[in-house]
Amino acid sequence: MTLFGRRGPSPGGSAPTPLAGYCEADRSAIIATADKGLERHNATLKRIVQAADLDEDSTWTADLRTGQFSWTGKKGVVTSPVQVLGTRAKADGSFLWGWDHPSVPPELSRAARSVQRFGELHHSAQLTTRKLPCTPDQARMFGNLALGLDQGDFTYIGETDSASVYLVLTVIEIHPGQADNAQRTEPTAPA
């Protein structure tokens, strides 16, 4: 139903944000899981950027009707099933989790639900509150957690006019040489 898209890559990643207000065991588990996810993200990023020659002119789309993501570079197209972790509104900086997002079909919120369950286990209000104030670094850490929980190989932050869309990509395929045939227009962002 909803099609997100925009010109230009904005891969997720970054180091996890320090966590306050957790017992040491919960804090350590969250950081270790996010670190594992960040390693997975960085390894995948290197592979796909080189193979498809992705840069700031590359285009991306995420079609929630089909559950598919594509990222078109100069030498190829990267495709993957997509999961929506959540969105971060540009107007107020609030993060809305994919597990309770009105635009996200339930079958595309598996990664978000996995992070929610992890948050319940580790007593994290950030990971279990439907909508919360959130910095971009915190939202990237949420993506790293999803990867650390084996919910994907790569996080992608898609920018629309009104929000940053945090996506988790799995089973990434690279299709070399298809970029010449790909349409290079900017997709329409959601209203």
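Name every residue in the range 131-169 that is of a type in the set (D, E, K, R) and not in a helix (DSSP H, G or I), in order of residue number. Selection gives LYS131, ASP150, ASP153, GLU159, ASP161.
Mind listing just one residue for me: the one in the range 121-130 that is part of a loop (DSSP other than H, G, I, E, B) and touching a helix residue (DSSP H, G or I) at 6+ places or on another chain (Cβ under 6 Å) and, of those, surrounded by the fewest Cβ atoms within 10 Å (Cβ to Cβ)?
Top of the filtered list is ARG130.
Condition check: closer than 15 Å to VAL165 by Cα, in a loop (DSSP other than H, G, I, E, B) and at pLDDT 90 or above. Does ALA62 satisfy that? Taking the combined requirement at face value, the residue does not satisfy it. Counting the residues of the range 137-151 that are modelled with pLDDT of 90 or more and under 12 Å from the mean Cα position of the chain (by Cα) gives 9. Among the residues of the range 144-158, those that are more than 20 Å from THR79 (Cβ to Cβ) and buried (at least 22 other Cβ atoms within 10 Å of the Cβ) comprise ASN144, LEU145, GLY148.
Name the residue, out of ALA89, ALA139, that is crowded, with 21+ Cβ neighbours inside 10 Å and either on the phi < 0 side of the Ramachandran plot or of a type in the set (Lys, Arg) (or both). Please lay out each step first, then the result.
Details: ALA89 fails: crowded, with 21+ Cβ neighbours inside 10 Å.
Every option except ALA139 fails the conditions.
Against the definition (surrounded by 24 or more Cβ atoms within 10 Å (Cβ to Cβ) and not small (Gly, Ala, Ser)), how does VAL82 come out, yes or no?
Values: surrounded by 24 or more Cβ atoms within 10 Å (Cβ to Cβ): yes; not small (Gly, Ala, Ser): yes.
Yes.
The values are calculated or read from the model by the stated rules, or taken from the named source; none is laboratory data. Predicted, not measured: the structure shown is a model, and the values here were computed from it. Quick reminder, even Gly has a Cβ in these numbers, built from the backbone with ideal geometry, and neighbours come from all protein chains shown.
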